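Peer 1: Structure in structure tokens, see below.
The values are calculated or read from the model by the stated rules, or taken from the named source; none is laboratory data. Treat the numbers as computed from the prediction; the structure is a model and nothing was measured. No Cβ is skipped: glycine too gets one built from the backbone with ideal geometry, and neighbour counts run over all protein chains shown.
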Amino acid sequence: MRAVITDETRFARTPDGTVWTLSGLTYELWSRYLSAFDNLRIVARVEDVAAPTDGAERVDGPRVEVWPVPYYLGPRQYVQRLPAIRRAVRAAAAPTDAVLLRVPSPIGSLLATERDRHGLPYALEVIADPYDIFAPGVLRHPLRPLLRRQYTAQLRHQCASAIAAAYVTDGYLQARYPTRAPAIVASIPEGHFPGSAYVDRPRTIERPRSTTLVSVGSLEQMYKGIDTLIEAVAQLTPTDPSIRLVHVGDGRCRPNLERLAARLEVTDRVVFAGTLPAGEQVRRMLDAADLFVHPSRTEGLPRALVEAMARGLPAIGSNVGGIPELLPAEYLVAPDDVGGLASAIRGLLADPARLAEASARNLARARDFSGEVTALRRAAYYEAVRVATERACRTAGAGPVAVSG
């Protein structure tokens, strides 16, 4: 049986037909679906380029192909190219394919609608919360309230209609977007963390001459709250002039953030490292830092935070999405709370004992997401989806079916 999965990652295709990414969603990760399926088709946006970007890695490979969807950026281009996008998505999956939709997702929603229309089954991987993604202050767009209602309602419908749903959180997303019995339900963290992602032991905390904060995340939208973090750095520098922030990630909001740093007179304290290839380069950046800060306005269960914890890095995050499932309450602040974030950073950096305790706790918690631990859960979920799809397809002619194995 073939699996067809939708994803919102933007890939690049070179003239020889190979597909590339800097996102970390490489062939190695996609091939994990082959534990239960004969082949995998990834339905995603593809941009034709002359050559892969430095550090990019292959997406496609043996038994894994990419089904290209017309490339678009943002709601305007999506609407402009919707007829072509819809045609590509409709043609992506056969009735007997096992369809897994990574949601919330415009592409996934188009395929869910198509499957619903024909009474065909689909499964989900729920990786984020559209109610938070389209919250005030997160996305600046005139259609934000409409998009919030639309995508929240879509995800609730999809979870209620799916034959199976795997959530990246332990309980947060499950409570907001429940399935209906007898659907298969699983909790499977996002990402894959090999042994090389983990340090051997917690950090030995020493008082550094300078303090480096690090944050990681896309700057395509303001989801990650990096503006809040820059403002917190501005509050911290008068009392701690040695502090600096390094952000790993890039996107169209970067110029605005650079202007914010200039206006707050912390340009010399804020470094934008740009996008780095997933893996060793990001780990080196984490290892060189003293504190990881993740002030997101919305999250599922953030891979970047887990990766920092796997390096034994103390961390502070916002109390949204699945972050409270990773960090204790004393390491959480409200999103957009500049003063609270600055105070939390200052207090933690001033207490070596707490830093050492946080390093040990974070490393231990991150081991719950190791490849060995999650691989069995993923394989069991994919196998259950395959069996449930086969059962549902046998009776699909009678109308919509929700079947669990």
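Peer 1: For the subset of the range 366-400 comprising residues that are touching a Lys or Arg at 6+ places or on another chain (Cβ under 9 Å) and modelled with pLDDT of 90 or more, which member is farthest from L313 (Cα to Cα)?
Peer 2: Result: Y382.
Peer 1: Yes or no: E28 in the same structural domain as A153 (by TED's automatic domain parsing), surrounded by fewer than 17 Cβ atoms within 10 Å (Cβ to Cβ) and at negative phi?
Peer 2: When the stated conditions are applied, E28 passes them.
Peer 1: Output the residue which, of all residues in the range 39-70 that are of a type in the set (D, E) and within 27 Å of R86 (Cβ to Cβ), is farthest from the chain's Cα centre (by Cα). Please lay out each step first, then the result.
Peer 2: Filtering the range 39-70 for residues of a type in the set (D, E) gives 47-48, 54, 57, 60, 65.
Filter once more, keeping what is within 27 Å of R86 (Cβ to Cβ): 47-48, 60, 65.
Numbers: E47: 21, D48: 24, D60: 20, E65: 21 Å.
Looking at the filtered set, the residue picked out is D48.
Peer 1: Kindly check whether there is at least one residue in the range 144-151 that is surrounded by fewer than 19 Cβ atoms within 10 Å (Cβ to Cβ) and either at pLDDT below 85 or touching a Lys or Arg at 6+ places or on another chain (Cβ under 8 Å) (or both).
Peer 2: Yes, that holds for at least one residue.
Peer 1: If you don't mind, another one. Confirm whether T237 is of a type in the set (V, I, T) and more than 24 Å from the chain's Cα centre (by Cα).
Peer 2: Details: of a type in the set (V, I, T): yes; more than 24 Å from the chain's Cα centre (by Cα): yes.
The answer is yes for T237.
Peer 1: Does any residue of the range 239-253 turn out to be aliphatic (A, V, I, L, M), touching a residue at least 12 places away in the same chain (Cβ under 8 Å) and over 22 Å from D290 (Cα atoms)?
Peer 2: Checked the range 239-253: no residue is aliphatic (A, V, I, L, M), touching a residue at least 12 places away in the same chain (Cβ under 8 Å) and over 22 Å from D290 (Cα atoms).
Peer 1: Is there any pair linking a residue in the range 168-195 that is crowded, with 20+ Cβ neighbours inside 10 Å and among the hydrophobic types (A, V, I, L, M, F, W, C) to one that is in a strand (DSSP E or B) and modelled with pLDDT under 90, with Cβ under 8 Å and at least six apart or on different chains, and which?
Peer 2: If the second residue must be in a strand (DSSP E or B) and modelled with pLDDT under 90, the pairs left are F193/S370.
Peer 1: Additional query: Which residues, taken from the range 158-194, are closer than 16 Å to G300 by Cβ, of a type in the set (D, E, K, R) and part of a loop (DSSP other than H, G, I, E, B)?
Peer 2: Within the range 158-194, D170, E190 qualify.
Peer 1: Looking at this structure, is A304 within 18 Å of Y223 (Cα to Cα) and either assigned to a loop (DSSP other than H, G, I, E, B) or touching a residue at least 60 places away in the same chain (Cβ under 8 Å) (or both)?
Peer 2: Against the criterion (within 18 Å of Y223 (Cα to Cα) and either assigned to a loop (DSSP other than H, G, I, E, B) or touching a residue at least 60 places away in the same chain (Cβ under 8 Å) (or both)), A304 qualifies.
Peer 1: Would you list the helices (runs of 4 or more DSSP H) that sit entirely within the range 199-290 and hold 1 or more residues that are out of contact with any helix residue (DSSP H, G or I) (no Cβ under 7 Å at 6 or more places or on another chain) and among the charged types (D, E, K, R)?
Peer 2: Helices (runs of 4 or more DSSP H) meeting the threshold: 254-263, 280-287.
Peer 1: When residues of the range 7-42 are filtered for being among the aliphatic types (A, V, I, L, M) and at pLDDT 95 or above, how many remain? Working first, answer last.
Peer 2: Residues of the range 7-42 that are among the aliphatic types (A, V, I, L, M), as a first pass: 12, 19, 22, 25, 29, 34, 36, 40, 42.
With at pLDDT 95 or above added as a condition, the list becomes 12, 19, 34, 36, 40, 42.
Residues meeting the conditions: 6.
Peer 1: Scanning for something at pLDDT 95 or above, under 23 Å from A175 (Cα atoms) and of a type in the set (A, V, I, L, M, F, W, C), does the range 333-340 turn up at least one residue? Quick ask: steps written out before the conclusion?
Peer 2: Just the residues of the range 333-340 that are at pLDDT 95 or above, to begin with: 333-334, 337-340.
Next cut, under 23 Å from A175 (Cα atoms) only: 333-334.
This time we only want the ones that are of a type in the set (A, V, I, L, M, F, W, C), so: 333-334.
Yes, the range 333-340 has at least one match.
Peer 1: Name the single residue that is farthest from P335 (Cα to Cα) among those in the range 111-166 being without any contact (Cβ under 8 Å) to a residue 60 or more places away in the chain, touching a strand residue (DSSP E or B) at 6+ places or on another chain (Cβ under 9 Å) and of a type in the set (A, V, I, L, M, F, W, C).
Peer 2: Of everything passing the filter in the range 111-166, A112 is farthest from P335 (Cα to Cα).
Peer 1: Go through the range 278-305 and give me each residue that's at pLDDT below 95, within 23 Å of I133 (Cβ to Cβ) and not small (G, A, S).
Peer 2: Scanning the range 278-305 gives R297, T298, E299, L301, P302, R303.
Peer 1: For the range 62-104, what are the residues that are closer than 14 Å to Y122 by Cα and among the hydroxyl-bearing types (S, T, Y)?
Peer 2: Residue satisfying the conditions is T96 alone.
Peer 1: May I pose another question? Which numbered condition trips up A334, out of (1) surrounded by fewer than 22 Cβ atoms within 10 Å (Cβ to Cβ); (2) under 19 Å from the mean Cα position of the chain (by Cα)?
Peer 2: (2)
Peer 1: Please verify whether E325 is touching a Leu at 6+ places or on another chain (Cβ under 9 Å) and acidic (D, E), treating the condition exactly as stated.
Peer 2: Yes; evaluated as a whole, the condition is true for this residue.
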